[in-house]
Amino acid sequence: MSGPLILLLSGPNLQLLGQREPAVYGRATLDDHVQTAAEAAALCGLEVEHHQSDHEARLVELVHGARGRVAAVIVNPGALTHYGWSLHDALVTFEGPVIEVHLSNPEAREAWRRTSVIAPVATGTIAGLGGLGYRLAVEAVASLLGRT
């Protein structure tokens, strides 16, 4: 391991990035975004561990397992953004920085997308900047950890 670990979590349907609504989410795949995060982390002396799941319970388990093991969590919760209360509750128990990332800007979309149950427990949210959001999330974590 090269340095402190960032847990990168991807919620439901994100494995379809690059295929699903490219006009909204772009043509880059989830693997592309994970690569972006990993490259940015390496430049800051950090490492990324990525997991994607369509199951909220699995993401909750991953957050629980991160406690005391990883320095920060970056999460793109997908649709769980709007109703993932158990993910919210798990993130409350995590003591390091939590950065919420969205490729699109939920505020510019349908009204139901404008409520995030994750934002109140996140250190910060990056939205609407496409894949750049992943690099910026890692840079934010690095700054919060004093690694810049």
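What span do the alpha-carbon atoms of the stretch 72-148 cover on each of the three principal axes, reported in whole Å from largest to smallest?
37, 28, 13
Given H placed on each backbone N at 1.01 Å, which residues far from A127 in sequence or on other chains put an amide H within less than 5 Å of it?
Distant-sequence amide H within range of A127: H102.
Compute, for the chain, the length of the dipole vector about the Cα centre, with Cβ point charges of +1 (Lys, Arg) and -1 (Asp, Glu) only. Units Debye, rounded to 20. Provide the component values of the computation, followed by the final result.
Working: 10 positive and 15 negative charges, 31 e Å.
Result for the chain is approximately 160 debye, rounded to the nearest 20.
Going by average Cβ neighbours within 10 Å, how do the peptides 54-61, 39-46 rank, with the highest at the top? Walk me through the numbers before you get to the answer.
Numbers: 54-61: 16.2, 39-46: 18.1.
Final packing ranking: 39-46, 54-61.
With θ set to phi - 60° and the Karplus curve 6.51 cos²θ - 1.76 cosθ + 1.60, what are the ³J(HN,Hα) couplings of the stretch 29-35 in order, to the nearest whole Hz, using x for Gly and Pro?
My calculation for the stretch 29-35 gives 8, 4, 4, 4, 5, 5, 4 Hz in order.
Below 8 Å between Cα atoms, with a sequence gap of 6+, how large is the relative contact order for the chain in percent? Could the numbers behind the result be given before it?
Working: 277 pairs, mean separation 40.7, N = 148.
For the chain, the relative contact order is 27 percent.
Picking from S53, V75, L136, whose Cα lies most toward the positive end of the charge dipole for the chain (charges on Cβ: Lys, Arg +1; Asp, Glu -1)?
After comparing all options, I get L136.
So, how do all the Cα-to-Cα distances of the chain break down into 5 Å bins, in percent, from 0 on up?
Going from the shortest bin to the longest, the percentages are 2, 11, 21, 25, 22, 14, 5, 1, 0.
Compute the distance from the alpha-carbon center of the stretch 72-148 to that of the stretch 1-66, in whole Å.
Going from one Cα centre to the other spans 12 Å.
Take peptides 138-144, 73-79, 84-90 and line them up by average Cβ neighbours within 10 Å, highest first, as a rough protection proxy. Walk me through the intermediate numbers first.
On the way: 138-144: 20.9, 73-79: 23.4, 84-90: 18.3.
Final packing ranking: 73-79, 138-144, 84-90.
Computed from the coordinates by the stated procedures, all read-outs in this text should not be read as laboratory data. Only a predicted model underlies this, so the values are computations on that prediction, with no experimental measurement involved. Here the Cβ is made from the backbone with ideal geometry for all residues, glycine too, and neighbour counts use every protein chain on show.
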